[in-house]
1. Under 8 Å by Cβ, and 6 or more places apart or on different chains, what pairs join a residue from region 67-81 that is within 27 Å of residue 25 (Cβ to Cβ) with one that is in a loop (DSSP other than H, G, I, E, B)?
2. Taking residue 21 as the residue in question, decide whether it is surrounded by 11 or more Cβ atoms within 10 Å (Cβ to Cβ) and within 16 Å of the chain's Cα centre (by Cα).
3. Would you check if residue 104 is modelled with pLDDT under 95 and not small (Gly, Ala, Ser)?
Amino acid sequence: MTQAPPEQSTNTPDSKAAVKAIMEQLDACNQLEAARIHKLVARKKGRPGQKDLEKMAQWLDRGQARVTERQALHKPATFPSSLPVSERVDDIREAIEQNQVVIIAGETGSGKTPRSPRSA
């Protein structure tokens, strides 16, 4: 029984450009698919063959689709004007974006617990 020859890795400018283009789009891809792509590129030492490039493109598309689906589930928060925390929503959002830990203090019933995580 004869075996098919292993797929040849290519080191053409086109394959390098394809790898670079895929790698530049990984920020918009979910972590699972991005990790698969990184692992394959590392295993092929930056020179994947055509079949590998096709596989990477499929993973990238799937990862980007999953991110888009996940973002579509996010609903904007609403803050009833009757709650005191509503007056400070922009300040709270800014603090959350700029700091790893944010402590919010306020009166009982001010809306800080159920509302604050939604603003981020």
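The values are calculated or read from the model by the stated rules, or taken from the named source; none is laboratory data. Please read all numbers here as calculations on a predicted model, not as lab measurements. All Cβ positions, glycine included, derive from the backbone under ideal geometry; neighbour counts span all protein chains shown.
1. From residues that are within 27 Å of residue 25 (Cβ to Cβ), the pairs are 67/29; 67/30; 70/30.
2. Values: surrounded by 11 or more Cβ atoms within 10 Å (Cβ to Cβ): yes; within 16 Å of the chain's Cα centre (by Cα): no.
So residue 21 does not fit the description; no.
3. On the way: modelled with pLDDT under 95: yes; not small (Gly, Ala, Ser): yes.
Spelling it out, residue 104 is indeed modelled with pLDDT under 95 and not small (Gly, Ala, Ser).
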